[in-house]
Amino acid sequence: MSRTSGAELLVVAGPSGVGKSTVVREVVELRPDVWLSVSATTREQRPGETAGIDYVFMSRPEFETLATSGGFLESAEYAGNLYGTPREPVLSRLANGQDVILEIELQGARQVKAAFPEAITVFLEPPSLTELHRRLAGRGTEDESVIRRREEVAKTELAAASEFDYRVKNTDVVPTAHQLIRLIDGSAASG
Ligand code: ADP
Ligand code: 5GP
């Protein structure tokens, strides 16, 4: 990205419950100039989520129509629901020189890296598997069967960590957010 407009596209992935949403929200709190992409999804709205801010919630037919017309930069099915990054808002912000964060799952991260090799991909890792389970269960937004399904996906996701440009352990939210900001600003050590 930096070669054209000076803006960075940061892709944050990692297993469900690791703290991706929490950390990227902290990044935009600390750096309001960075734009967090709003994804579309067919999953049900959780209590506390705001339509149009946390996600654009849509039916499966609506999502599929948008996907067919090329409306998504990337899209994937995750634990029985469809998720996608609306293309136009991301491209226009990057073109205007604004840094953009995508918080997406593994298949989407691969699609973005294939289409935009300059994108910076980050895999957020949990301090331990026990802590990952504690966070996922502690969030209290899914029932046991959904948690089990997400933990199955998490095993595949954890195995793909080495595909990413950077691996960042999310021990404490604020220091982790600062690490991501350093990556956006190009001031992190490589690896
Ligand atoms: P994800 O977006 O990766 O599914 P969330 O951001 O929803 O994960 O976080 C899952 C749970 O873990 C939430 O209850 C959140 O408050 C908590 N959490 C996130 N980061 C941390 C952290 N560094 N330490 C302790 N708890 C965390
Ligand atoms: P959740 O249902 O917990 O909000 O999200 C489930 C998974 O979907 C998470 O790993 C999240 O990062 C991912 N996700 C959210 N939005 C998108 C998106 O636009 N595209 C893709 N590929 N994954 C997404």
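Within region 79-112, the only residue that satisfies the criterion of being within 15 Å of ligand 1 (Cβ to nearest atom) and surrounded by fewer than 14 Cβ atoms within 10 Å (Cβ to Cβ) is 81.
Would a scan of region 102-123 turn up a residue that is outside any helix (DSSP H, G or I), modelled with pLDDT of 95 or more and of a type in the set (S, T, N, Q)? Within region 102-123 (the criterion being outside any helix (DSSP H, G or I), modelled with pLDDT of 95 or more and of a type in the set (S, T, N, Q)), the answer is yes, since at least one residue qualifies. On the basis of being more than 8 Å from ligand 2 (Cβ to nearest atom), more than 18 Å from residue 38 (Cβ to Cβ) and in contact (Cβ under 8 Å) with a residue 12 or more places away in the chain, does residue 80 make the cut? So residue 80 fits the description; yes. Can you spot a residue in region 36-57 that is in a strand (DSSP E or B), touching a Lys or Arg at 6+ places or on another chain (Cβ under 6 Å) and either of a type in the set (Phe, Trp, Tyr) or touching a residue at least 60 places away in the same chain (Cβ under 8 Å) (or both)? Checked against the condition, which is being in a strand (DSSP E or B), touching a Lys or Arg at 6+ places or on another chain (Cβ under 6 Å) and either of a type in the set (Phe, Trp, Tyr) or touching a residue at least 60 places away in the same chain (Cβ under 8 Å) (or both), region 36-57 yields no hits at all.
Residues that are charged (D, E, K, R), exposed (fewer than 15 other Cβ atoms within 10 Å of the Cβ) and in a helix (DSSP H, G or I) occur at least once in region 161-168. Restricting 115, 13, 76, 40 to residues that are crowded, with 18+ Cβ neighbours inside 10 Å, closer than 21 Å to residue 163 by Cβ and more than 13 Å from ligand 1 (Cβ to nearest atom) narrows the list to 76. As for region 126-134, it holds at least one residue that is farther than 19 Å from residue 78 by Cβ, loosely packed, with under 15 Cβ neighbours inside 10 Å and away from ligand 1 (no atom under 13 Å from the Cβ).
The values are calculated or read from the model by the stated rules, or taken from the named source; none is laboratory data. Source: prediction; values computed, not measured. Note that each Cβ is placed from the backbone with ideal geometry, even for glycine, and that neighbours are counted across all protein chains shown.
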